[in-house]
Amino acid sequence: MTAALGLLQEVAIKTPDTTGYLRMGYAAIGAIFAAYLLFLWMRARSEK
Amino acid sequence: MNYVRVVALIFAKDFREELRRKENVISSLLFAFLSLVLFAFALDPTQVDLNRTGSGLLWLIILFAGSLFMGASFRKEMETGTLQALLLSPTDRSAIFLGKFLVNLVFLLFLEGLLLVFAYLLLDVQTGPVLVPLAVAWIAVTVGYAALGTLFSALIANVRGGQVIYPILLFPVLIPLVIAAATLTQDALAGRPVYTSQWLRLVALFDTLFVTASVFLFEYAVEE
Amino acid sequence: MSLRTWVRTLWGLAAVLNGAALAMIFFYAPVEIQMGAVQKIFYYHVPSAIAGYVLLFLAFLFSILYLWKDDPSYDLLAYTTAEVGFVFITVVLVTGPIWGRSAWGKWWVWEPRLTSALILWLMYSAYFLLRLFSRHEARAARIAAVVAIIAFFDVPIVHKAIEWWGSIVHPKKVVLEPPMRQTFFVAMIAVFTLAAALTLTRFMVGKAEERRQAQREATP
């Protein structure tokens, strides 16, 4: 009984490994800002 | 001339014009009817209870057919120069807007009535017993819809390709109204209270806000 | 100080601050116990949402000012703030589902705040499309201003409607541990500096385009 409870607790607080999604998230943020800067840069260039 | 009379005159002029140039009215009504028929094929009405899930679909038809009608409402005026003439005349600009708004409102309500009749005939949507609360809800929703529809139609009247962006511009703004319309229709058809619904209050707020804003902003929308 | 120096300084500041924020996020902030590392998306997701809404609010104000004062500078400011605000809302809409996929198992759940952001995104997409369609039109700026004003009036109503309609809710109150709070604070400043730098840069590009346009019209 106590062993089962202990197991349950261990399962409940086991932190999942979600580093992949974290990296994907920040890669996406970087990509969006990079794309926008590229867009601005191209607009500025076409004006010269 | 007092203000109400001016609005009434402009309404009468626009109304007559729509009836005389009937292609706009007829094509929108036919489009709505056609969409309803297409729904029957897309949905299998023997399995889907349209009294419950059909309300949102009915409103999609109203949205598409209505925007077909309203999107063109200032185009003719621009082409014939009527709007320029009206703008030059000493009439209050908001009166021009209100006249057009009322024409659109009347047309939309007519379209909605017709749609309900055909929904009853073709898809057995039972609206008879709940007609009054249903009408209150639909009229309330249509006021806000017609106000923004008219304003946006004035905005795109001169823009090349404006007809294409008209629905793209209009529909996102109308989303709260669409949710409210679908929910209220569903409630009405199921016999649940409509008058005390929080959704009706939201629609009332939407109407007040956007009728006022449209009357005020119309002037800027048409000014050269 | 000239505008150009301002922009340079801001970009320098933005680079330093964002570097610091990222370092804190990846190496200082603790891993949240239930969701794991993915929770750290929060440090850019939330400030981006706030910055996006602030910028779109500014676009609304500049649109009103434009209609009122009829000064083309306000039109450019409205266009600028709307565009940069749109970029930040895009960040929110992209990071939200990545976090959601990890936490809820699905890419998209019709979560109220995310759904409201999506509707806002759709409204401003139409706004830019309208700008594109009407760029040779005399009344273009006025038309855009009216749309921006209507769109912003709609925001609170959209929020209310989506809230009633949806079911899944963001955590109302988030308890943050001190290191998390510090990281969030730095990330907030970093994101806002980045927003300011982007806005000023976009404004300068717009000004350059206007000058060029004027030159083109002056020389036959």
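Each principal axis of the Cα atoms in region C:95-220 has its own extent, and those three values, largest first, are 63, 35, 25 angstrom. Largest accessible area first, the listed residues C:184, C:133 line up as C:133, C:184 when surface is computed with a 1.4 Å probe on the assembled protein chains.
Look at the alpha carbon pairs under 8 Å that are at least 6 residues apart: their mean separation over the length of region C:1-78 gives a relative contact order of 16 percent. The value of relative contact order for region B:1-108, using C-alpha pairs under 8 Å at least six residues apart, is 51 percent.
Surface composition of chain B: carbon and sulfur atoms hold 69% of the protein heavy-atom accessible area at a 1.4 Å probe. Taking all protein chains into account, the per residue accessible area for region C:3-210 stands at 44 Å² (1.4 Å probe).
Farthest toward the positive end of the dipole of region B:1-130, out of B:9, B:29, B:64, is the Cα of B:9, where the dipole comes from beta carbon charges about the Cα centre. Within the listed set C:116, C:134, C:48, the residue fluctuating most in the Gaussian network model of chain C (springs between alpha-carbon atoms under 10 angstrom) is C:134. The mean of 1/r over all pairs of different alpha-carbon atoms in region B:153-224, once inverted, gives a Kirkwood hydrodynamic radius of 14.3 Å. Taken about its Cα centre, the protein assembly as shown carries a charge dipole of about 1000 debye when Lys and Arg each add +1 at the Cβ and Asp and Glu each add -1 at the Cβ.
Interface of C with B. Using a 1.4 Å probe and counting protein heavy atoms only, the two chains hide about 2800 Å² of accessible surface, both sides summed.
Among C:159, C:45, C:136, the order of accessible area from largest down is C:136, C:159, C:45, computed with a 1.4 Å probe on protein heavy atoms.
Under a Gaussian network description of chain B, with springs only between Cα atoms under 10 Å, the residue in B:109, B:88, B:58 that fluctuates furthest is B:88. Please report the base-10 log of the normalised intensity I(q)/I(0) for region B:30-137, using a Debye sum with one equal scatterer per alpha carbon and no solvent, at each q in 0.14 (1/Å). Values returned for q = 0.14 Å⁻¹ are -0.66.
Global dimensions of the protein assembly as shown from alpha-carbon coordinates: Rg and Dmax equal 26.0, 91 Å. The figure for residue A:26 is an accessible area of roughly 30 square angstrom, using a 1.4 Å probe on the protein chains alone.
Remark: relative contact order (chain B) = 28 percent; criterion is Cα-Cα distance under 8 angstrom and separation of 6 or more residues.
As I understand it, the value is the acute angle between the Cα axis of helix B:3-20 and the longest principal axis of the Cα atoms of chain B; what does it come to in degrees, rounded to 10? Approximately 70 degrees, to the nearest ten. With all protein chains in place and ligands, DNA and RNA left out, the 1.4 Å accessible area ranks A:22, B:29, C:13 as C:13, B:29, A:22, largest first. Look at the stretch C:96-104: the mean tally of other chain Cβ atoms within 10 Å of its residues' Cβ atoms is 4. Radius of gyration (Cα atoms) of region C:49-106, expressed as a multiple of 2.2 N^0.38 Å: 1.49.
Neighbours of residue B:140, meaning other residues whose beta-carbon lies under 15 angstrom from its beta-carbon, give a summed charge of -2 when Lys and Arg score +1 and Asp and Glu score -1. Loop sites only, by DSSP: take the trypsin sites (Lys or Arg not before Pro) in chain C that have at most 12 other C-beta atoms within 10 Å and name the longest stretch containing none of them. Segment C:1-105 is the longest.
The values are calculated or read from the model by the stated rules, or taken from the named source; none is laboratory data. What you see is a predicted model; the values in this text were computed from it and never measured. Virtual Cβ from ideal backbone geometry, glycine too; neighbours counted across all protein chains shown. These accessible areas exclude ligands, DNA and RNA; they are computed on the full protein's heavy atoms, side chains included. Shrake-Rupley method; radii C 1.70, N 1.55, O 1.52, S 1.80 Å.
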